[in-house]
Amino acid sequence: MRLYLVRHAWAEEADSKRWPNDGERPLTDDGKKRFRKTVEALVERGFAPRVVAGSSAGAPCTWERKPSSAYFSARVIPDFAS
């Protein structure tokens, strides 16, 4: 078994007026681009997870969106810490 730890991509600056729930803060355009490149590089190396576990901060929601879902599917555990 291999365990990969991945931090979320770059998100917009924290702003409680725009995003009262910090977990809803969207990724920046550059963050999306860098995440896409990272996923593509991992896929080229055979990365195909069966399970993705994350926190309640929104990472699994990001995971289920493209580009990751365009390359492989994985069972998502949305709030692994609970």
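Bear in mind that the values in this text are calculations on the coordinates, not laboratory data. Because the structure is predicted, anything quoted here is derived from the model rather than measured. Glycine gets a Cβ as well: all are built from the backbone with ideal geometry, and neighbour counts include every protein chain shown.
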Subject >> R0 of 30 Å, Cβ-Cβ distance ASP22-ALA48: FRET efficiency to nearest 0.05 >> reply: 0.45
**OP:** Can you tell me which of 25-32, 41-48, 13-20, 1-8 comes out highest on packing, and rank the rest after it, using the mean Cβ neighbours within 10 Å?
**Re:** 25-32, 41-48, 13-20, 1-8
**OP:** Return the sequence-ordered ³J(HN,Hα) values of region 32-46 in whole Hz as given by the Karplus equation 6.51 cos²θ - 1.76 cosθ + 1.60 applied to θ = phi - 60°, using x for Gly and Pro.
**Re:** 5, 5, 5, 5, 4, 5, 5, 4, 4, 5, 5, 4, 4, 9, x
Original post:
Label points 7 Å out from Cα along the Cβ direction at HIS8 and ALA74: separation in nm?
Top reply: 1.6 nm
